[in-house]
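Every read-out reported here was derived from the displayed coordinates using simple, explicitly stated rules and does not represent laboratory data. Everything quoted here is computed from the prediction, not taken from an experiment. Here the Cβ is made from the backbone with ideal geometry for all residues, glycine too, and neighbour counts use every protein chain on show.
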Amino acid sequence: MDSDKLKRLSQLLDDAIQQLADSREFAKITKLQRLLDIARRVLLQEGGCALLEARAQRMEEAGVFDGSDWAQPQTLVPSLTTYSLKSPDAPTVVIEAISELRLLAIALGEYIHPHMSAEQAHHYLTQVLAINLELLFGAPSEAEREQQGRLALATRSFYRHLAERIGYEHIIDQLIEEIWRILQQRPIQVDSVKQMVTQIAVCQTNPEIDLGVSGQGADRLISSLYGPTQACREDPGIAVYRERLEAMDGGALQYEATGFARAMHDTGLVSPYHPILLRHLLEQGDYLLSEALGLSSTGRDCLLCYGDLVRATIDQAIFPETAQGIYGLALMLERGILYQPALAPALWRQLALPVSPYCQERLTLIFGSQPAPSAWLMQGVLCMLGQPLGVGQGNNPTCQSARALSMWAYSDPDYLLQMVVWAARDDEIIIHFEGQPISSRESEGGVASDIPMDLDPVSLLVVPHLDRIYAEMGRRCIDREGDPHRWVNPEFHGWWSGRGFRINVDVATGQLWELDDFLRHFYASYHPYYNGNQPLIHPQPAGIAVTDSAARFVGWHAITILRVTLDPKEVMRVYFFNPNNDSGQDWGDDVLVSTAGKGERFGEASLPFEQFASRLYIFHFDPLEPGELARVSEDELQRVKDRIVKSWGADRLPADELQASHF
Amino acid sequence: MANRGEQNVNPEKGYIALLGWSLGAIEAADKFDRRYVVVAPDWAEDYCKEHDIPYISWNFERLNDRSMEIAQTLKDMGVDVAIPLFEETVEWAGAINSVLLDNPRLFGQAMLLRDKALMKRRAQLGGIRVGIFEEAHDKEDVVRFLKRVNQTLLKLDGDPNDPIHLKAFDKAGCLGHRVIRTPDEVDVIPDEEFPVLMESHLDGWEFAVEAWIHNGKIRFLNLSEYVTLGYSVFVPATPELEKYREQITKQIEKLIKTFDIEFGFVHPEYFVTSDGEMYFGEVAYRPPGFKVFELLERAYGFNAYQGMILSFDPKTTEEEITNFFPKEVVDAKGHAGCFGVYPRRRVVSKLEIPEETEEHPYFDFHELTPPLEETVTKRTAFGTHWGLIYFFGDDPYTMRDLLKHQEDLDFYV
C-alpha cells in the first residue's frame, strides 16, 4: 500500500520535474509550487528521501533553485539550515531538504556538480549534521509540532537519511575531529564549538541513542566544559561548587587549580566553573592564582609584577558567562607584553572606561545583560591580546578590518587599546590617510552592508568603524591608476607595512602581469635563502587569490604573512594569518592549508613556500631595502607558474603568453 | 539562456498580441510557433526586459481618445490579431481588432460581450432563453424586483422567497455576485456597488462551457461541471452532464450566430432545468477563472492558451486547427478538478491540509499559503478563495463526491 503511494507520488514528481524543466525560465515560478508540494509529500513517505536524492540532479537542472540562494551551493552557510529546517513555511523546509539531498548526491559522487566538489559537499553536510544534531536524536519540540505539524517528523526522517548515508559513527567521530581541528587554531569565538560539544554530551547521556564505539574522543572536550576537576566532575551547578570551595584547604585548592589549567590549555575551552575558582583565589596568594592560570615562568613573572592589575581585571571581567577571558588573560601574561611601558596604564584606563550608551546597547543585545557590558568588553580585550591570531571576521566581508585588529594585537597592542577606547567611549575613530583625517562617523557605507553581529566584543564595536574608514580610503584612491591597496594598506595597518607594493594582475584587464618579476621579487623579499637569511620582522599584509578544492577561483582575500621558516621536516614554509574563521582549507591542486602539525603556532596557517607563492597576488616590501630579483631556478619558478595556470590564472593568461604556455 | 529559439517561429503564421498580463499565456505563446507581443501595464516592463519577453507598455483604463494609438502601433508592427486575457481587456481587443482586421463590427460586438445587461437583451433577441432580469440603480430597485419575481412565482406571504442574484455589469465571474433572499439583506449592499444587474434564480444545474471557434465553427467544446458554484469545478464532466452535449452544442451555435462570432474563444454559463430546458446565464470572451485552462491541460494534454491563439489567428489553417484539438471526452487521460478553499472558522492561526485530503489518491497538489491574518472577514459576496487544491483521477463520480466533500473540511484551523 505504502509502496503504491510512493510509486504514485514518484510519478507525480517526475511529471512536475518535467513540467518545470520544459518551462521557460520566466514562467518557472508558476510550476514550482506544484513540485514543492509533491516533494513535501514524498518527504513524508518511508523511502521518500532516497527518491528525492536520486532526482536531485534533475531537479536542480530543471531549475528548482533558480533565483534563490540555493542556486549557488558553494555560498551556502551551514548555520542557516537551522532556521530553514524549522521554518513554519513548508516550501522553505522542502527546498532546504532538496538542496541538502542534492549535496548528499554530490558528496557521494552520484552527481558531478559544476560548482561544488564532493569534498566540499561532504564537509558542508558534516557541519550541517553537527549543528542540527538534535534533529537527529531528539523528538520534535512542542513549538516545532505546533508550527510545522507533520512536517516536523519529515525533517527528522530526512536527517536520519542524511546521517545513514554518511554514517552515524562517522558523524560523531568526524564532528569530534572537526572540533579538535578548529580548537587547534585557538579561535576567540568558541560559541559554536561549545554548542557542538554540548550536543555530543546530550547524545551520550541519552540512553536511547546507541553511538556504538564512536564518540570516544569527546571526553576531554566535554569534561573541559562541564567537569574538568574532581570537585565538579558530575556538573553539580555553580552554587554547589562554590560551597565546596569554601570547605577546601590549600592542597585541595591546588588540585582544583591545576585541573582547570590543564583542561583550559589542552582545549582552549574554559569551563564556567573556572571563574568561580579564580574569584575564590583572589583572596589567596599569587601562587594559587598562577597555578589556576596554568602559567609558565614568563607568565608567572608577569603576574607577580602586575598583581594588582590582574586581580582588578579578574574582579571586574571574569564571570561564568565570560569564562573565556581567563584563557585570554593567561596567554596575555605569557606573551610578556605587559612589560611594554604603555600597556599596563592602558589596561587600567580600559578598566575604568565609560562605555557609550550605544556600545552598551550593542554589547547587551549580542551577549546578554549578564555581566555588565564593560565586563564583556574587557573579556574581549583580554582574548584579543592573548590570542591575536584567534580573531575571526565572522560571516562578514570585513577581512581587512579583522586582519588589522589581529595585526595590532600582535605587534602594536597599545594602539589596539587606543582604538577600543575611541570606539567604545566616543563612537568615533579617526585615522589619517596621507595627512588627511578620516572619521568613521563622517564616512558613508563600508564594505559590509549590515552591521556585523557574529563577532567577539572588541570586533563588534571596532570593526564597523574600521570598515567605513577602510572603504573611505579606497574611495579616495578611485582616480588613481592601479590597485588601491598600494596606498591603503600601509596607511590603514601601520607604519611597518612596506610602502613598496607588487601585484601580478593588471587591474584594468584582470590578466596576469609580469609574473616572473613578481615571483622573483617575492622570493627576494621573503625567502630566507634569497634575502640574506633575514627573518620577517613585522607582520605584512598580503593578498591571496583564494581557490576552492577544485582549484577554481573564488575571490581575493586579505591575509597577513607572519613568518617564513623551515618546518620540522626541513620544508620552507610561509606561516600566515587568515582572518577567515577557519584557516584549514583545501585550495585545490593539492594545496592544502595546514593549521597544525607543521610547526604552526596557535592560529597560524601554513603552506610550503612554492604553494603559497602560487596563490599570492599582492605583497608589500620596503622600497629602500637594497634588493635584486632573486635568482630562483627556472624549475622552481615554472612549478609555481604551473600551479597558477592550473588554478586561478587559468583564464587570465595574456594573449602573448598563451602560446608560450602551450608547451 | 536564450529565451526563445527564433527558429521555432513560422513566418507564414500570424503575429499575435496578448492583452493583459498572464504568465501562463505568455509561456504558452513563447513555446508556440508564432510571433507574439505582450501588451501590459508599465509595471511589467522590467520583468519583460529581464526575461526577453517582447513587450509594449499600455495601461488598460477605460477606452478613450488615445485608444486608437495602441491599435495603430500594433498595426504598424504587423500584428494580425489581439487576444484578450481578462474581462477588462475584452473591449480593448474589440477596438484593436476592428482596426487590425478592418472590421468595425468587432468593436460593437465586444461592447455587447462586456455588459451583462446588453448581453442578455441581445441573447433574448436571438431567441435564446434567459431568466427574468433587470438593472438596479439603487436599493429600492432591488426590493421591488425581489417582490415582483416572487409574485410572479405565485408565492404567498410567509412562503420563503426564491432568491435573486445581483451581479456587477462588467466584472468577471463571481466577483461582486450576491444572493438576496429577504429585503433586510438589501441593506448591507454598499451604495458604490450600484448599478447592478439583477436576475431571477434559476433552479437548475449550472455549468460552464468553453468553446474555441474558428471560421464561425466550434473546434473544441468543453463542459465544465461545477460541483458547487464558487467552490469547485472539474473537466471533463460526468456522463449526466455530457448527455446534454448535443443540445449544448446547438445552443452554442445559436450563440455564435446571435453574437456574430467568427473566431476566438467564448466561455458561457448555462442552467439546465429538471425538464432539460437550457437557460443562458452569461458569456465571456476571455479565458475562464478557476484555472480551467490548467485543468484541461492536465486532462487532455493540450495547451488551452495555444488553442486560443489558433482560434484567433486569421492565418491558422483548417488542417492545423483540426489536428491541434483532441476529441472531446474520449481523448481525456482522466478527470482534473480543483477546489477553492475558504476558511470556515472565524479565527484561524495556521494552514493544515486534512490528512484525508492529502492521502487521497486523487490529490495532486495545493497552492494554499499560511494565513496572513487571524480573523477571517465575513463573506458577503462570492469572492476570492484563499487558494486552490488540485485533484486528478479516473472516475468522474469519485471526483465529484470528493470535491463536494472538501466543503465539509477545515483547511485553516
Notebook entry, point to check: Once amide H atoms are built 1.01 Å from N in the peptide plane, which residues 5 or more positions from residue B:227, or in another chain, come under 5 Å H to H?
Noted result: B:232, B:233, B:234
Checklist line | Sum of side-chain charges, residue A:343 neighbourhood, beta-carbon under 11 Å (Lys, Arg +1; Asp, Glu -1) | finding: 0
Checklist line | For B:58, A:648, order by how many other beta-carbon atoms lie within 10 Å, fewest first | finding: B:58, A:648
Next item on the list: Starting from the amide H of residue B:281, placed 1.01 Å from N in the peptide plane, find each other amide H under 5 Å away whose residue is 5 or more places distant or on another chain.
Entry: B:269, B:270, B:271
Next item on the list: Beta carbons within 10 angstrom, averaged per residue: use that to sort the peptides B:242-255, A:12-25, highest first.
Entry: A:12-25, B:242-255
Next item on the list: Shielding by partners for A:22-30, please: the mean number of other protein chain Cβ atoms within 10 Å of each residue's Cβ.
Entry: 6
Next item on the list: Take the Cα radius of gyration of the range A:478-530 and divide it by 2.2 N^0.38 Å, with N its residue count; two decimals is plenty.
Entry: 1.28
Checklist line | For residues of B:317-326, the mean tally of beta carbons on other chains within 10 Å | finding: 0
Item checked: Cα gyration tensor, the range A:2-166 - rounded (a/c under 1.5), prolate or oblate -> rounded
Next item on the list: May I ask for the distance between the Cα centers of the range A:357-410 and the range A:622-645, given as a whole number of Å?
Entry: 39
Notebook entry, point to check: Amide H of residue B:315: which non-local residues (sequence gap of 5 or more, or other chain) have their own amide H closer than 5 Å, using H built in the peptide plane?
Noted result: B:14
Margin query: I want the local charge near residue A:300. Using Cβ-Cβ distances under 14 Å, sum +1 for each Lys or Arg and -1 for each Asp or Glu among the other residues.
Written below: -3
Notebook entry, point to check: So if R0 is 51 Å, what FRET efficiency would residue A:433 and residue A:235 give, r being the distance between their Cβ atoms, rounded to the nearest 0.05?
Noted result: 0.45
Notebook entry, point to check: At q = 0.17 Å⁻¹, what base-10 log of I(q)/I(0) does the Debye formula yield for the range A:474-568 when every alpha carbon is treated as an equal point scatterer in vacuo?
Noted result: -0.94
Notebook entry, point to check: Taking each residue of B:20-32 in turn, how many C-beta atoms of other protein chains fall within 10 Å of its C-beta, and what is the average?
Noted result: 3
Margin query: Order B:99-105, A:155-161 from most to least packed using the mean count of other Cβ atoms within 10 Å.
Written below: A:155-161, B:99-105
Notebook entry, point to check: What does the charge count near residue B:294 come to, summing +1 for each Lys or Arg and -1 for each Asp or Glu among other residues with Cβ under 14 Å from its Cβ?
Noted result: -2
Check: How would you rank A:265, B:385, going from fewest to most other Cβ atoms within 10 Å of each one's own Cβ?
Finding: A:265, B:385
Notebook entry, point to check: If you plug each phi of the range B:335-350 into the Karplus form 6.51 cos²θ - 1.76 cosθ + 1.60 with θ = phi - 60°, what whole-Hz ³J(HN,Hα) values come out, in order, with x for Gly and Pro?
Noted result: 10, 10, x, 9, 10, x, 8, 10, x, 9, 9, 7, 10, 10, 10, 7
Next item on the list: Provide B:167, B:404 in ascending order of the number of other Cβ atoms located within 10 Å of each residue's Cβ, fewest first.
Entry: B:404, B:167
Notebook entry, point to check: Using the beta-carbon distance between residue B:184 and residue B:397 and R0 = 25 Å, what value does 1/(1 + (r/R0)^6) give for FRET efficiency, to the nearest 0.05?
Noted result: 0.05
Check: In a solvent-free Debye calculation with one equal scatterer on each Cα, what is log10 I(q)/I(0) for the range B:166-247 at q = 0.15, 0.26 Å⁻¹, listed in the order of the q values?
Finding: -0.75, -1.28
Notebook entry, point to check: For chain A, treating each Cα as an identical point scatterer without solvent, what Debye log10 I(q)/I(0) comes out at q = 0.06 1/Å?
Noted result: -0.39
